[in-house]
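The values are calculated or read from the model by the stated rules, or taken from the named source; none is laboratory data. Source: prediction; values computed, not measured. No Cβ is skipped: glycine too gets one built from the backbone with ideal geometry, and neighbour counts run over all protein chains shown. Remember, those area values only see protein heavy atoms, side chains included, never the ligands or the DNA or RNA. Shrake-Rupley method; radii C 1.70, N 1.55, O 1.52, S 1.80 Å.
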Amino acid sequence: METLVVDHPLVAHKLTTLRDVGTDSPTFRRLTDELVTLLAYEATRDVRVTDVTIRTPLTETTGTQLTRPTPLVVPILRAGLGMLDGMTRLLPTAEVGFLGMARDEATLQPATYADRLPQDLSGRQCYVLDPMLATGGTLAAALKLLVERGADHITAICLLAAPEGLAAVEQKLAQTLAPDHGATLRVVTAAEDERLNEHGFILPGLGDAGDRLYGCA
């Protein structure tokens, strides 16, 4: 699994304001939207394209367009919804599927409570939106589901990632996916933070992304 930390002054600037405890929800939503678009620019560098012939006002020329099937954007509910507009602004022709996952209090494992995804994702490029890669359980389960449905190129876009979460995702996928699954897996993030605290929150982090986006627990 490849990890890309986007090193750009505008990414660092917007992330700093997101981290600030004094940033209110409307500002947090706007900056999340802007930051995701910047991350998506890097995350889509390998999006599949094909040549196409078009006519300009003066002549014919060869250009580029996205191949089919179009990419699938998958926000993980609920906080991933706050990243959706920033992503689809850059990929307006992408399809959108929704995945709701929560930790089962009995098993402590991620459980799916909403699945609005195609059953067959063969040959699809998927972009998973999950603001905080903390313990990694939810993201690992989401990536596993997409691979098992046939997706062969999956990029997770996260505002922040903890080293423990990155390691956990890689370990869980190595344990649960067939060695010959053939999918390319990447994580694109604005920063890899220091560590998790005893409650599983990223430090220095930015708090609970869902609460800060929507203003309620």
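Hey, what does the equivalent ellipsoid look like for the chain, semi-axes from the Cα gyration tensor as sqrt of 5 times each eigenvalue, largest first, whole Å? Mind showing how you got there, number by number?
Working: eigenvalues 165, 103, 47 Å².
One finds semi-axes of 29, 23, 15 Å for the chain.
Against the longest principal axis of the chain, how steep is helix 137-148, in degrees 0 to 90 to the nearest 10, with axes from Cα atoms?
Tilt of helix 137-148: around 30 degrees.
Helix 163-176 against the longest principal axis of the chain: what's the angle in degrees, Cα atoms only, rounded to the nearest 10?
Once rounded, the angle reads 70 degrees.
Taking GluC sites (Glu not before Pro) as candidate sites, keep only those in a DSSP loop with at most 13 other Cβ atoms within 10 Å, then name the longest stretch of the chain containing none of them.
Details: sites that count: 105, 194, 198.
Free of exposed loop sites, the longest segment is 1-104.
With point charges of +1 on the Cβ of Lys and Arg and -1 on the Cβ of Asp and Glu, referenced to the Cα centre of segment 140-185, which listed residue (143, 153, 173) lies farthest in the positive direction of the dipole?
Comparing the listed Cα positions along the dipole, 143 ranks first.
Please compute the length gained on full extension between residue 167 and residue 37, using 0.36 nm multiplied by the number of residues separating them and subtracting their Cα-Cα distance.
Working: separation 130, 0.36 × 130 = 46.80 nm, distance 2.56 nm.
Fully extending the segment from residue 167 to residue 37 adds 44.2 nm.
Express in nm, to one decimal, how much length is gained between residue 89 and residue 122 on full extension, taking 0.36 nm for each residue of separation and deducting their alpha carbon distance.
Numbers: separation 33, 0.36 × 33 = 11.88 nm, distance 2.47 nm.
Extra length available between residue 89 and residue 122 comes to 9.4 nm.
What does the accessible area per residue of the chain come to in Å², with a 1.4 Å probe and no ligands, DNA or RNA counted? Before the final figure, lay out each step's value.
Working: 10950 Å² over 217 residues.
For the chain, the solvent-accessible area averages 50 Å² per residue.
What 222 nm value per residue comes from the helices of the chain, counting each DSSP H run with n ≥ 4 as -39,500 (n - 2.57) and dividing by all residues, nearest 500 deg cm²/dmol?
Values: 6 runs with 69 residues, N = 217.
Computed ellipticity for the chain at 222 nm equals -10000 deg cm²/dmol.
Whole-Hz ³J(HN,Hα) for each residue in segment 3-10, computed from phi via Karplus 6.51 cos²θ - 1.76 cosθ + 1.60 with θ = phi - 60°, x for glycine and proline: what do you get?
Karplus-based 3J(HN,Hα) across segment 3-10 equals 10, 10, 9, 6, 9, 8, x, 5 Hz.
Quick one: dipole size for the chain, taken about the Cα centre, charges +1 on Lys/Arg Cβ and -1 on Asp/Glu Cβ, in debye to the nearest 20. Please report the intermediate quantities before stating the final value.
Values: 19 positive and 28 negative charges, 102 e Å.
It comes to approximately 500 debye.
Show the residues, 5+ positions off or on another chain, whose built amide H is closer than 5 Å to the amide H of residue 156.
So residue 156 has HN proximity to 128, 186, 187, 188.
If you take the charge dipole of the chain about its Cα centre, with +1 on Lys and Arg Cβ and -1 on Asp and Glu Cβ, which of 126, 3, 215 is farthest toward its positive end?
The Cα lying farthest towards the positive end belongs to 126.
Looking at the chain as a GNM with Cα springs under 10 Å, which of 109, 171, 65 has the largest mean-square fluctuation?
65
Given the options 94, 141, 178, state which has the largest fluctuation in a GNM of the chain using a 10 Å cut-off (strictly under) for Cα springs.
Taking springs between Cα atoms under 10 Å, the residue moving most is 178.
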